[in-house]
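This report concerns only the one structure given below.
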Amino acid sequence: MTRLMTVLVALLVLAGLLGYALVRRAERGARPEVRSVPRTASRAPRSEPTPEAASPIRFRDVAAGAGVDLPPFHAALGRFRLVETMGSGLALIDADGDGWLDVVVGQGALLPEDKAPEPRPTTLYRNLGGGQFEDVTETAGLRFREFSQGMAVGDYDGDGRDDLFLAGFGRSALYRNLGDGRFADVTDSAGVAGYGWPSSCAFADLDGDGDLDLYVVHYLADTVDAFGRATVRCNAVEGRVGYCPPQAHRPEADVLYRNNGDGTFTDVSVEAGLASAPAPGLGLAIADLDGDGRLDVFIANDQAPNQAWRNLGGLRFEDRASDWGLALGETGETRAGMGVAAGDYDEDGRLDLLVTNFYEEPDTLFRQVAPGLFQPVSAEARLAVPSRTTLSFGTAFLDADSDGRLDLFVANGHINDVRPLGIPYAQPPQLFWNRGGGRFEEVTRASGEYFVGSYLARAAAVGDLDNDGDVDLIVNHLDRPPAVLLNETPRIGGTLTLRLRAATLSRSPIGARVRVGALGRTIHRDVVAGTSYLASHDPRLHVGLGAARTADWVEVDWPSGRRERWSELPESDAIELVEGTAPQAVSTQVNR
Amino acid sequence: MQGKEQATLASREAGLGWLGRLGLGVIVLVLVAGVAWLVVRGRRAEALWNQARAASVREDWAKVHESLVELRRLQPLDRDQNRLRVQAALRLRDADAALAALAEVRPDDSEYERALMTRGRLLMEQFRYREAEAVFRRCLALNPRLEEAHVQLVILTGMKRRAEDFERQLWDYYEKAEWKIAALRMLSRGIPFLPSRTTVDPAHDEGYLLEQGLAADPSDPEIRPALARYYLNRGEVDRAFVLLEAWLEMYPDDASARLEWVACQLELGRSEAVGAYLEPGTDRPTQSARFWGLRGEYLKRLGDFEGAVEAFGHAVRLEPRNPEWRFRLGQALRAAGRPTEAESHLSWVQKANQLVALMKNAHDTGADPRLLVQAGDLCREMGRVREARGWYEAALKADPQNADYQQRLAQLSQP
C-alpha cells in the first residue's frame, strides 16, 4: 500500500507539473511577430543626379536686357483645355532683309467665353544687333490674335523675301513679306486659313516644281466646344483635374497645301493620302529620308506610331515609317512623340533623327544605317538614361562648341502638375555634348545659368542671332518669357556659315546635302525643313571647323540632283552658295 | 484494546502510516484545489467571453480584443470566439493580430475560405507577397472560382515580371471568371505588368509597392530584379546598380539579378562591360527570354546582325507573346538584309500595338461588341487563336444573334 501511495503521489505531482506547463503555454499563445512596415511617400523619391562631364560649352540668357520680354499667356484659366499646356511657336526670320535674324515669339489667346484681359499677341522682335531686339509687331502689320502654334518661314511667292505662316488653334494665317519689315495678311486669298488644331508646319517644295508647298501637321480634333469648354475632363492625379492624354480625343489628319504658283494654295491632303491616316502629330521634319531625291515627311506622333510619308512624286505619299524603322521606340512600343531633331550626329554621311518623348520614355535617336533604314540607338548613344527623367518638347542638333560635331539641346517641362506623384512639373533643359563615336555626354548644369533652372519649356529654335558664326538658342516657355541664349563657348578654330540658294523660283535649298572639308576631315550637314517643336530655325547652315581656321572645300548635292564642289572659297566665314554660280562672301557686321 | 489493536493492525496491513495519511491528504487537497481552480477558471473564461460579446454589441473593439486575448491565455478559443477575435482585430485595423487570428481558423470551419481570403488581402497590405501568394493559391485550391484570388495572383506575378506564370494565371482567371473581358484585356498586353487594381492604395505606384515588399521580405529573390527594372525604366540606373550589386555580392549566381545588372549596363551604353556574361554557357540562364534578348541587343551593337537574329529568335521562342522580342528580331532581320522575314514580325508588333491602343478605348463592362470583334480579329491575325476565340465569344455574348460573329468564331476552328 505504501508503495501504491507513493506512486499515486508521484503521479499527482507529475500531473500537477504537467498541468502547470500546459496552462503557461496556453497563456503565451501564438503572440504575433510585430512586422509593421512604415508607410513612406506614395512614390519613391528620385536619387541625386549623376555628376556631369566638364565641357567648354557656355550659353548666356540675354532676353531680359535684350527686350524680348513677352510675358507668356496660354489661357490657363482653370478650364483645362489641352491647348493651354502645349505651348506656342517660335520662328527666326530675316523679316527686313538686313542680314540679321529677327524673332517671332508665339503667344496664346483667349478662347470662347474666357474671362481675362486681352494678352499681348504673337510678337515680332526686330534684331537690332548687339544682343538687342525691338518689338515691331504693329509696324510690321503682324496682327495675329489666334492661339499660336507652329510657325513656318519660306519665300512661297518667290519674290526674294521670306514670308511667314503662323499656325493657330482654330485658324492660321499667312503673312506675305512686303519688304522693309512689313507684312500683309494674305490668308484668305491664299486659302490657308485651315481649321482644327495645327501643330508644327513647314514650307518645302514637295512636288519639285520649284515653289514652296506648305505642310501643316495636325494634332487632335474637338478638344474644345463652342463655349470654350474642354470636351473631356480628366484627372492629373486622383482628385485633381488636369489635362487629358491624347487618347481622350480623335486625331486630326495633317494638311498639305500645294502651291499653285499664283499666290494661292490648294488643299491636296486627300489626293496625297494624308486624310485617310489621321494621327496626333506634333513634330515634323522634311528631308529626303530614302535617298531617292524626293523630299519625304517625318511626323512625330503623340502616343501613336510615328509616320514617315514617302514621297512618291506628284504629291502622293505612303507611310513607310514601319518599313524604315521610324514608327516605334526601341522596345517596339508607341511613344509620346513631341519634337524632332535632324542631323548627322555620327558623321557617317547619313541624316539621323531624334524624337523627344514623354516622362519615363527615353527620347528615341534613330540612326540611319542605310538609305531608308533606321535603327533606334538611344542607349548606345548614352541618351536613354538621362532622357527618361524628363518630358521633352523642342529639340535641335547644333554644333554648340564648333568642333564640327552636332551636339543636342532639349527643352523640357511637364504638361500636368503631378508633383504629388513625385514627378517634377518644371524641368531643367538638357544639353548633350557630342564626344564622337556616336556617343553623347550630358553637360547641362555647367552650360550657363539658364541650364541650372527648371521651366515649362516648349518650342526651341536655333540660329546665329548675333552673327558671330556660332549657333544660339531661343526657347519659349509657358511659365516665363522666352530665353535668348547667346553662345559664348570659346572656339579653338573657325566656323563657316553657309546660305544656300537653289536654282528654283523659291530658291529653297531644303533637301540639299552639304559636305565641308577642313584639315582632312569631312563635315556633313543637311538642309531640313521643320524640326524641333512648333518652331522654324535659321535657314543658314552653321559648320564648326574644329581646329581648322578655314574650310578647304565645300560640296553640295542640290535638290535638283546637281552636285557642285568648290575648293576656291571666299575669305570669309559666311558664304552664299547659289546653285550654278560661284560662292560669294556674305558680309554682316557682328556689331552694328 | 482489541479494537485499538485491530485498528493498528488494520492500518499496518493497509500500509497507511503517517506518510500515507499525509499523501492521501495532499491528493485530496490537490483534487479539491484542482476542481476549484477549474471552476474558477471556467467562470473566468465565461465572464471574459460574456465581456467580449457585450463589448462587441457596443462596438468597443478594443475591449473585445483585450477580453479575448486574456481568454486565450486561459484556454484555446473555440470557433465563435476566434471569429470574434478576427473581427475585433480587423475593426481595430491591427493587421498583425488579425493575421494571427486568421491563421488559427481551422480548415473544417465553414468560414475557412473567407478567412483565407482576408488573410491574403492583409498580407498584400503588409507587402508580404510570398506569403500572400501561398495563401491565394490555397484559396484557389479550395475554390477555383474565387475571382479576387485570381486577380491577386495576376497582380503578384505581374509585379514580379514572371511572364510564364502571369500568362498561366490570366488564363486560369479567364476560365473561371464570370466577366471574361477583364482577363482578355490584361492578356492583350502580351507582357507581365502590374494591373491597376490592387488591394493597397492605388495611388501607390509599382516602385513603392516593390520597395515596401523588399522591406517586408528582404530575402524574396524576385523583388530585387523587378525593382531594378522599375528604377531602370525611370532612368535611375544608379539606384538599380546599388540594389543589384549589394545582392550580387552575396549571391553572385542569382541569374535574374545578374540579367538586370546587364540590362543597366546596356542602357548606359556600356556594352563592353557585359560581353563575357552574355556568352551562352551551362551556367547561363539560357531558358530566360531576357538573357537572349539582352544578348541580341549586345550583338546588334557590335554589328553582328546575324548573331542578333539568332539570339532574338530564341527570345521569341521562349516568350512568343512579348512584342519587344519580336520587334527587335524584326529590326535585326532588316539590318541583316532580310526584310521579307522582318516584315512578318514587325507586322505582328504593329497589330499588338493596335490591340493595346484598342484596349485603351475599351472598358471592362458594357463593351461595344464591334470593339470586341476588332480585338478578336487582331488576335487571330497574330496567331493568338485562344485569345481570338475569347474575344469573339465575348462579342457573341453581347450580341448572340450576330451571324458575322458566329462565322468568325466558327472559322477559328477550321484548319
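The values are calculated or read from the model by the stated rules, or taken from the named source; none is laboratory data. For clarity, every value in this text was computed on a predicted model and none was experimentally measured. Cβ: placed from backbone, ideal geometry, glycine included. Neighbour counts: every protein chain shown.
Could you figure out which of (1) within 14 Å of chain A (Cβ to nearest Cβ); (2) buried (at least 20 other Cβ atoms within 10 Å of the Cβ) isn't true of B:Leu38?
B:Leu38 satisfies every listed condition except (2).
Give the residues of the range A:459-504 that are among the charged types (D, E, K, R) and not in a strand (DSSP E or B), sorted by residue number. Give the steps one after another, and end with the answer.
First, the residues of the range A:459-504 that are among the charged types (D, E, K, R): A:464, A:466, A:468, A:470, A:472, A:479-480, A:488, A:491, A:499, A:501.
If the condition is that a residue be among the charged types (D, E, K, R) and not in a strand (DSSP E or B), then A:Asp464, A:Asp466, A:Asp468, A:Asp470, A:Asp479, A:Arg480, A:Glu488, A:Arg491 are the ones that fit.
Among the residues of the range A:496-518, write down those that are touching a Gly at 6+ places or on another chain (Cβ under 7 Å) and surrounded by fewer than 23 Cβ atoms within 10 Å (Cβ to Cβ).
If the condition is that a residue be touching a Gly at 6+ places or on another chain (Cβ under 7 Å) and surrounded by fewer than 23 Cβ atoms within 10 Å (Cβ to Cβ), then A:Thr497, A:Ala503, A:Thr504, A:Leu505 are the ones that fit.
Quick check on this structure: which one of A:Arg445, A:Arg435 is in a helix (DSSP H, G or I) and over 25 Å from A:Met86 (Cα atoms)? Before you say what the answer is, go through the steps one by one.
Details: A:Arg435 fails: in a helix (DSSP H, G or I).
Unique residue meeting the criteria: A:Arg445.
Report those helices (runs of 4 or more DSSP H) wholly inside the range B:175-293 carrying at least 2 residues which are free of Cβ contacts under 8 Å to residues at least 12 places away in the same chain.
B:237-250
What number of residues in the range A:562-587 are part of a strand (DSSP E or B) and of a type in the set (S, T, N, Q)?
The total comes to 1.
Considering each of A:Val556, A:Val543 in turn, give the residue that is closer than 22 Å to A:Leu465 by Cβ, assigned to a strand (DSSP E or B) and of a type in the set (A, V, I, L, M, F, W, C).
A:Val543
Mind listing whichever residues of the range A:328-376 are part of a loop (DSSP other than H, G, I, E, B), β-branched (Val, Ile, Thr) and either surrounded by fewer than 24 Cβ atoms within 10 Å (Cβ to Cβ) or touching a His at 6+ places or on another chain (Cβ under 9 Å) (or both)?
Listed by number, the residues that qualify are A:Thr331, A:Thr334.
Please state which of the following conditions A:Ser560 fails to meet, knowing it meets all the rest: (1) in contact (Cβ under 8 Å) with a residue 24 or more places away in the chain; (2) in contact with a strand residue (DSSP E or B) (Cβ under 7 Å, 6 or more places away or on another chain).
So the condition that A:Ser560 fails would be (2).
Take residues that are at positive phi, at pLDDT 90 or above and among the hydroxyl-bearing types (Ser, Thr, Tyr) and tell me which of the helices (runs of 4 or more DSSP H) falling wholly in the range B:44-115 contain 2 or more. Even if it seems obvious, please write down each step before you answer.
Details: elements: B:61-74, B:79-91, B:95-103.
Fully inside the range B:44-115 and qualifying: nothing.
If a residue must be farther than 17 Å from B:Arg114 by Cα and more than 10 Å from chain A (Cβ to nearest Cβ), how many such residues does the range B:79-98 contain?
Result for the range B:79-98: 2.
Looking only at strands (runs of 3 or more DSSP E) that fall completely inside the range A:110-204, which ones have 3 or more residues that are under 23 Å from A:Ile474 (Cβ atoms) and among the small types (Gly, Ala, Ser)?
Where strands (runs of 3 or more DSSP E) fall fully within the range A:110-204 and carry at least 3 residues being under 23 Å from A:Ile474 (Cβ atoms) and among the small types (Gly, Ala, Ser), they are A:147-154, A:198-204.
For the range B:321-333, check the following and say yes or no: at least one residue is over 22 Å from A:Asp323 (Cβ atoms), among the aromatic types (Phe, Trp, Tyr) and within 35 Å of the chain's Cα centre (by Cα).
No: zero hits.
Test of understanding: among B:Arg73, B:Arg79, B:Arg83, which residue is within 24 Å of B:Glu148 (Cα to Cα) and not hydroxyl-bearing (Ser, Thr, Tyr)?
Within the list B:Arg73, B:Arg79, B:Arg83, the selection yields B:Arg83.
Go over the candidates A:Pro245, A:Pro280 one by one and state the one that is crowded, with 18+ Cβ neighbours inside 10 Å and touching a Phe, Trp or Tyr at 6+ places or on another chain (Cβ under 9 Å).
Result: A:Pro280 is the single residue among A:Pro245, A:Pro280 that is crowded, with 18+ Cβ neighbours inside 10 Å and touching a Phe, Trp or Tyr at 6+ places or on another chain (Cβ under 9 Å).
Looking at A:Phe358, A:Phe366, A:Phe397, A:Phe393 in this structure, which one is closer than 28 Å to A:Ser55 by Cβ and either facing another protein chain (nearest Cβ under 9 Å) or in contact (Cβ under 8 Å) with a residue 60 or more places away in the chain (or both)?
Criteria check complete, one pass: A:Phe393.
Given the conditions (1) more than 9 Å from chain A (Cβ to nearest Cβ); (2) modelled with pLDDT of 95 or more, and given that B:Ser288 satisfies all but one, which numbered condition is not satisfied?
Checking B:Ser288 against (1) more than 9 Å from chain A (Cβ to nearest Cβ); (2) modelled with pLDDT of 95 or more, the one that fails is (2).
Out of B:Gly269, B:Gly235, which single residue is facing chain A (nearest Cβ under 9 Å), crowded, with 22+ Cβ neighbours inside 10 Å and not aliphatic (A, V, I, L, M)?
Matching residue, one of B:Gly269, B:Gly235: B:Gly235.
Each row is one residue, and each column tells you yes or no for (1) modelled with pLDDT under 95; (2) farther than 18 Å from A:Val216 by Cα; (3) within 14 Å of chain B (Cβ to nearest Cβ).
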{"residue": "A:Ile286", "(1), (2), (3)": "no, no, no"}
{"residue": "A:Arg294", "(1), (2), (3)": "no, yes, no"}
{"residue": "A:Ser322", "(1), (2), (3)": "yes, yes, yes"}
{"residue": "A:Glu333", "(1), (2), (3)": "yes, yes, yes"}
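Give the residues of the range A:285-319 that are over 22 Å from the mean Cα position of the chain (by Cα) and either assigned to a loop (DSSP other than H, G, I, E, B) or under 22 Å from A:Phe265 (Cβ atoms) (or both), sorted by residue number.
Correct list: A:Asp290, A:Gly291, A:Asp292, A:Gly293, A:Arg294, A:Asn311, A:Leu312, A:Gly313, A:Gly314, A:Leu315, A:Arg316, A:Phe317.
In the range A:207-225, what residues are of a type in the set (D, E, K, R) and either surrounded by fewer than 22 Cβ atoms within 10 Å (Cβ to Cβ) or assigned to a loop (DSSP other than H, G, I, E, B) (or both)?
A:Asp207, A:Asp209, A:Asp211, A:Asp222, A:Asp225
Please list, ordered by residue number, the helices (runs of 4 or more DSSP H) wholly in the range B:346-415 having 3 or more residues that are of a type in the set (A, V, I, L, M, F, W, C) and surrounded by 16 or more Cβ atoms within 10 Å (Cβ to Cβ).
The helices (runs of 4 or more DSSP H) meeting that bar are B:369-382, B:385-398.
Surrounded by 24 or more Cβ atoms within 10 Å (Cβ to Cβ) and free of Cβ contacts under 8 Å to residues at least 60 places away in the same chain: is that true of A:Asn301 in this structure? Steps first, answer last, please.
Details: surrounded by 24 or more Cβ atoms within 10 Å (Cβ to Cβ): yes; free of Cβ contacts under 8 Å to residues at least 60 places away in the same chain: yes.
Spelling it out, A:Asn301 is indeed surrounded by 24 or more Cβ atoms within 10 Å (Cβ to Cβ) and free of Cβ contacts under 8 Å to residues at least 60 places away in the same chain.
Per-residue answers, yes or no, for (1) closer than 30 Å to A:Gly106 by Cα; (2) not in a loop (DSSP other than H, G, I, E, B):
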| site | (1), (2) |
| --- | --- |
| A:Ser506 | yes, no |
| A:Ile510 | yes, no |
| A:Arg515 | no, yes |
| A:Arg525 | yes, yes |
| A:Pro539 | yes, no |
| A:Ala548 | no, no |
| A:Ala551 | no, no |
| A:Ser560 | no, no |
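Restrict the check to the range A:500-507 and report whether at least one residue is farther than 22 Å from A:Val153 by Cβ and not β-branched (Val, Ile, Thr). Spell out the reasoning first.
Step one: filter the range A:500-507 for residues farther than 22 Å from A:Val153 by Cβ, giving none.
The answer is no; no qualifying residue exists.
Yes or no, residue by residue, for (1) modelled with pLDDT of 95 or more; (2) within 14 Å of another protein chain (Cβ to nearest Cβ); (3) in contact with a Phe, Trp or Tyr (Cβ under 8 Å, 6 or more places away or on another chain):
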site: A:Asp222; (1), (2), (3): no, no, no
site: A:Arg229; (1), (2), (3): no, no, no
site: A:Ala236; (1), (2), (3): no, yes, yes
site: A:Thr264; (1), (2), (3): yes, no, no
site: A:Gly273; (1), (2), (3): yes, no, yes
site: A:Asp302; (1), (2), (3): yes, yes, yes
site: A:Gln307; (1), (2), (3): yes, yes, yes
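Restricting attention to the range B:173-194, which residues are farther than 18 Å from B:Lys397 by Cβ and touching a Pro at 6+ places or on another chain (Cβ under 8 Å)?
Matches in the range B:173-194: B:Met186, B:Gly190, B:Ile191.
Might you let me know whether the range A:234-241 holds any residue that is more than 23 Å from the chain's Cα centre (by Cα), within 30 Å of A:Asp557 (Cβ to Cβ) and not in a loop (DSSP other than H, G, I, E, B)?
Scanning the range A:234-241 turns up no residue that is more than 23 Å from the chain's Cα centre (by Cα), within 30 Å of A:Asp557 (Cβ to Cβ) and not in a loop (DSSP other than H, G, I, E, B).
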